[in-house]
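The values are calculated or read from the model by the stated rules, or taken from the named source; none is laboratory data. In this text the structure is predicted, and so the values were computed from the model without any measurement. FYI the Cβ positions are ideal-geometry reconstructions off the backbone, even for glycines, and counts take in every protein chain you see.
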Ligand SMILES: [Zn+2]
């Protein structure tokens, strides 16, 4: 089973996770820039984060045989902080980079005027840079948030078939699908979606334009949820090709809209020691 | 033991001749002619598809025609070209194309630093490779030192090229060699290794201490360590066992 996790925050994960993900079949990931759990207070802090998503994290992933791309944006939560919003002026410098396959995560958190502004501006940036957009839907007041999101997408220069609406569930999937967007589902241990509900949604709505992700981050989450959904689909009687469409071909098709997706994993680089990720090579036998 | 800094400084093994060879290193390979930037351009032209070639010509014209902006100015067109070189010409040609673009644009020190600072790992590597062609004095050393502080072997390998051989001070240069041993970057990548290592007793001491530390931990001593130690002129260590150098593949070789 080959797996593409289209939304996972590897910066917050360990090398054990990379190892387990590879063993489970994960060969590609997209890491959207998002909130770090700790508020940032300046654009400089975003820039260091973007650098890490464009340099160190793909390097780390490659050590474990996983292709790593990212999406960059000012996230909705921090769009409300005037100390952070100037990062919008710097974003164009970073959206031209090879590894950037979408603008994201953008969207709504509390549905404020500042979030309206940031979302509209970044949908335009996506259109200007030939990139699709990854749009997060809010945790609170989700259906209203989805509708306002779709309204803004319709008013934007970015066609809905270049927009992935994420964190969908049973109550929001229909309207997102009717709007012509790609459909993202985050499968979490407790919240959002679980494996069985994911299978039921696929049975009802079909696999077209559906992407399943773990959205694993610094909170309680599971980077192997994509594989668990694959196993649940097999158990429910879905064939190999169906599973491959949902867990591999759909994310490849969506992020491939950027023209920047490169799925050959670079050979794992040199062994690392010292203050690095493969700290200490194994001792020699005897 | 021979070493080939000019050859191994190339980021890709399969595009021999598409990366220019700094004069300093090439002098150590008898019989080879240092390919000039023009030769590099001609070889790229021969290798690229028609679309990519047209794109490159346009991009080089933009780079040559640009005015060097203040570091905080708007993103200039040639910098967009610099960023997208890999997806326009193919990732295997990105380093060569970026070198040509840098050469054509001739960015000043502030712009060069910004391009490095805002670059992806691949873009930073291209800047590091271009340093011997763009900067004559030690002004760009902070970029080399930045790359040597990372643990990204692609950057470490690019940092120990001819520019570092020329300008890096003894202390930082020794640590760079040691870092290559630590991170598995082949010492073949270190430009001017033989000249700088010769009779360097402090480097020899550091290498011997590192070998002792490895041996005490029951871990093998990298083959490369013995090679560098030999270059310093210090007698070989009696430590065992030795391990084959973990030759880095692909990008940092
Ligand atoms: Zn997320």
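Among the residues of the stretch A:84-106, are any assigned to a loop (DSSP other than H, G, I, E, B), away from the ligand (no atom under 16 Å from the Cβ), within 14 Å of chain B (Cβ to nearest Cβ) and in contact (Cβ under 8 Å) with a residue 60 or more places away in the chain? Outline the logic, then answer.
Here is the first cut: in the stretch A:84-106, the ones assigned to a loop (DSSP other than H, G, I, E, B) are A:84-86, A:96-99.
If we keep only those that are away from the ligand (no atom under 16 Å from the Cβ) as well, we get A:84-86, A:96-99.
Next, from what is left, pick out any that are within 14 Å of chain B (Cβ to nearest Cβ): A:86, A:96-99.
Okay, now just the ones that are also in contact (Cβ under 8 Å) with a residue 60 or more places away in the chain, so A:98-99.
Yes, because at least one residue in the stretch A:84-106 is assigned to a loop (DSSP other than H, G, I, E, B), away from the ligand (no atom under 16 Å from the Cβ), within 14 Å of chain B (Cβ to nearest Cβ) and in contact (Cβ under 8 Å) with a residue 60 or more places away in the chain.
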- Task: For the stretch A:208-219, enumerate the residues that are buried (at least 18 other Cβ atoms within 10 Å of the Cβ), part of a loop (DSSP other than H, G, I, E, B) and more than 16 Å from the ligand (Cβ to nearest atom).
- Result: A:209
- Query: Out of all the residues in the stretch A:140-171, which are farther than 16 Å from residue A:118 by Cβ and either within 16 Å of the ligand (Cβ to nearest atom) or within 18 Å of the chain's Cα centre (by Cα) (or both)?
  - Reply: A:140, A:142, A:146, A:160, A:161, A:162, A:164, A:165, A:166, A:167, A:168, A:169
- Considering each of A:204, A:122 in turn, give the residue that is in contact with a strand residue (DSSP E or B) (Cβ under 6 Å, 6 or more places away or on another chain) and either within 16 Å of the ligand (Cβ to nearest atom) or not in a loop (DSSP other than H, G, I, E, B) (or both). A:122
- Any idea which of (1) more than 12 Å from every other protein chain (Cβ to nearest Cβ); (2) touching a helix residue (DSSP H, G or I) at 6+ places or on another chain (Cβ under 8 Å) is the one residue B:171 doesn't satisfy? (2)
- Task: Would you point out the residue of the stretch A:175-189, among those that are away from the ligand (no atom under 16 Å from the Cβ) and in contact (Cβ under 8 Å) with a residue 24 or more places away in the chain, that is farthest from the other protein chains (Cβ to nearest Cβ)?
- Result: A:175
- Of all residues making up the stretch A:220-260, the number that are part of a loop (DSSP other than H, G, I, E, B), more than 16 Å from the ligand (Cβ to nearest atom), touching a helix residue (DSSP H, G or I) at 6+ places or on another chain (Cβ under 7 Å) and touching a residue at least 40 places away in the same chain (Cβ under 8 Å): 4
- Message: Within the stretch B:19-100, considering only helices (runs of 4 or more DSSP H) that don't extend past its boundaries, which have at least 3 residues that are at pLDDT 95 or above and either more than 14 Å from chain A (Cβ to nearest Cβ) or in contact with a helix residue (DSSP H, G or I) (Cβ under 8 Å, 6 or more places away or on another chain) (or both)?
- Response: B:50-65, B:77-89
- Query: Of everything in the stretch A:1-49 that's within 15 Å of the ligand (Cβ to nearest atom) and assigned to a helix (DSSP H, G or I), which residue is farthest from the chain's Cα centre (by Cα)?
  - Reply: A:49
